[in-house]
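Q: Here it is, the structure in full.
We did not get these values from a lab; they are worked out from the coordinates using the rules stated. Just so you know, these numbers come straight off a predicted model, no measurement behind them. So basically every Cβ, Gly included, is an ideal-geometry build from the backbone, and we count neighbours across all protein chains shown.
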Amino acid sequence: MSTEAVISLQNVTFSYGGAPALEEVNFSVGPREMVCMVGPNGGGKTTLVKLILGLLTPQRGEIALFGRPPRRSRRRAGYMPQHVQFDPWFPISVKDIVLMGRLGVAQPPTDVLGGGHSRGRLCHIWRQFRGATGWYGRADRRAALDALDQVEMEAFWRQPFSSLSGGERQRVLIARALCCQPDLLLLDEPTANIDTLVEARLVDLLGELNRRMAVVMVSHDLGFVSRLVERVICVNRRVVVHPTNELTGETIRDLYGGEVRMVRHDEFFH
C-alpha cells in the first residue's frame, strides 16, 4: 500500500479580498486515515475543504492531493457539501442526484475507443462529452445503486428528492459522493439533520469505508468525532492538529473562544 500522503498542505495562506481566512496552514492526511476538522463558524473549515479540492487557490503555500495539484487529481475525491440548495418543485429524483457523482468518471466502451495512438485523445473527448450531457451507461447506474445500498437508500431510487426527510437527503448526498468510487471522502457536517439511529449507522458506514479510503469530516459534534478519529484538525484561521485524547476542555475553549458543551454518545451505540 502506498504511504504517500493523500492530502498535504505546506505554509498555505488564503484571503478573501485582503481579509485573512487561513494563515500558515501545515498538515497532512495519510492513506486510509480518518480525521476531523472542528472549529467555530467562519473559522475557515469550508474554505480549507475548497482549497483541498482545488476550488480555491492559495495566495501562498503548496497543496497536493495524491501527490499532484488538486485540480489534476480531485476526481479521486468524493465530496458531500454542508448545504444543498434546490427548487422543491423541480422534478429531480434520488437517481438523478446520485448519478451526478458519475459525471466525467466512467471510461468509454471499447467499441467507441477503437485502438491506435488516438485512444488517449478519444478518452479525453468522451469525458468532456459525458460531463456536458450526463449520458450515463449501465456501469454508472450500477455504481449509483451500489452507493445507495451502502447508505441503505436503494429502495428510494425513483423517489423525488424533495419528498425525503432531512436525514434521508443527507444519506443520498453521501451516496453521491461515493458514486465516483473515490480514494478520499470529504464530508462537510455529515451528522446535520440526522437522528440518533441514523448516526449510529453512519458510524458503522464510515468505519467500513475507512478500510479502503481516507475520510475527512467537518463537524461540530465533538462527541461523534471522538468515537471515530485519532486526530482532530482544529481550524480558527490558523490550524493546530491534536490527537483526540488531547482534546481537553481548555483546548476547546481556546478554539471556540468560549464554553462549549460536549455530549457523550457512548450509551447510544451499545
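Q: Multiply the residue gap between GLN159 and ASN11 by 0.36 nm, knock off their C-alpha separation, and tell me the result in nm, one decimal place.
A: Going from the current span to full extension adds 48.7 nm.
Q: If you don't mind, another one. With labels modelled as points extended 7 Å from the Cα through the Cβ direction, what inter-label distance (nm, one decimal) is found for ARG32 paired with GLU62?
A: 2.7
Q: Take GLU230 and PHE90, extend 7 Å from each Cα along the Cα→Cβ direction, and tell me the distance between the two endpoints in nm.
A: Reported label-point gap for GLU230 and PHE90 is 4.2 nm.
Q: Count neighbours as other Cβ atoms within 10 Å of each site's Cβ, and list the chymotrypsin sites (Phe, Trp or Tyr not before Pro) in region 14-98 that are DSSP loop with at most 15 such neighbours.
A: Qualifying residues, ordered by number: PHE86, TRP89.
Q: So what's the net charge close to ASN26: Lys and Arg +1, Asp and Glu -1, counting the other residues with Cβ under 13 Å from its Cβ?
A: -1
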